[in-house]
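Enquirer: My questions will all concern the structure given below.
The values are calculated or read from the model by the stated rules, or taken from the named source; none is laboratory data. Keep in mind the model is a prediction, meaning the values are calculated, not measured. No Cβ is skipped: glycine too gets one built from the backbone with ideal geometry, and neighbour counts run over all protein chains shown. The area values use the complete protein model at the heavy-atom level, side chains included, leaving out ligands, DNA and RNA. Shrake-Rupley method; radii C 1.70, N 1.55, O 1.52, S 1.80 Å.
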Amino acid sequence: VQLQASGGGLVQAGGSLRLSCAASGRTVSNYVMGWFRQAPGLGREFVAAIRWSDGYTHYADSVKGRFTISRDNAKNTVYLQMDSVKPEDTAVYYCAADRYPYIAIHASAYDYWGQGTEVTVSS
């Protein structure tokens, strides 16, 4: 599975941004797709995940109510809609795919990773 993340950029606090992650190479219909982020000097942090088969989602407390993860079956693409962004959301965002249909919050559980897209939130 190849993952291509896009959509990062500079946004003002309180604004919105939508990240995309296009999957190719094989079907991900039985996978869990996740978004993680990594700020400078910190470890990779779980943001959100979605089980492709039934759309079940799970969010980190820090983004719950502000971010929304979704998928488009026809485009084999996962999205992360980021609303009401804060300066502390500044990070490189990575999408990832887990072959097993149980949502995990640890990066080590994910098998495939995209290249990352940078999000900067100005205050």
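Enquirer: For the stretch 27-101, which trypsin sites (Lys or Arg not before Pro) pass both filters: DSSP loop (anything but H, G, I, E, B) and at most 11 other C-beta atoms within 10 Å?
Expert: Passing sites in the stretch 27-101 are Lys64, Lys75.
Enquirer: Send over the Kirkwood Rh of the stretch 22-91, from the inverse of the averaged 1/r over different Cα pairs, rounded to one decimal Å.
Expert: In the stretch 22-91 this quantity evaluates to 12.9 Å.
Enquirer: Contour minus end-to-end for Ala107 and Thr68, with contour as 0.36 nm per residue of separation and end-to-end as the Cα-Cα distance?
Expert: Gain on stretching Ala107 to Thr68: 12.1 nm.
Enquirer: Oh, and also: Taking springs between alpha-carbon atoms closer than 10 angstrom, which of Leu42, Leu19, Leu80 fluctuates most in the Gaussian network model of the chain?
Expert: Leu42
Enquirer: At 1.4 Å probe radius, can you tell me the per residue accessible area of the chain in Å²?
Expert: Result: 50 Å² of accessible area for each residue.
Enquirer: Using each residue's phi in the stretch 53-66, evaluate 6.51 cos²θ - 1.76 cosθ + 1.60 at θ = phi - 60° and report the 3J(HN,Hα) Karplus result to the nearest Hz, with x for Gly and Pro.
Expert: Taking θ as phi minus 60°, the curve returns 5, 10, x, 4, 10, 8, 10, 5, 4, 5, 10, 4, x, 10 Hz for the stretch 53-66.
Enquirer: Which value, in debye to the nearest 20, describes the size of the charge dipole of the stretch 52-104 about its Cα centre when Lys and Arg Cβ atoms bear +1, Asp and Glu Cβ atoms bear -1, and nothing else is charged?
Expert: That gives the stretch 52-104 a dipole magnitude of about 100 debye.
Enquirer: Please report, to one decimal in angstroms, the Kirkwood hydrodynamic radius of the chain built from all distinct Cα-Cα pairs.
Expert: It is 14.1 Å.
Enquirer: Based on Cβ point charges of +1 for Lys and Arg and -1 for Asp and Glu, what charge dipole magnitude is obtained for the chain about its Cα centre, in debye rounded to the nearest 20?
Expert: Roughly 200 debye, rounded to the nearest 20.
Enquirer: Same structure again: Heavy atoms only, probe 1.4 Å: what % of the accessible area of the chain goes to carbon and sulfur, would you let me know?
Expert: Using a 1.4 Å probe with all protein chains present, the chain comes out at 47 percent carbon and sulfur.
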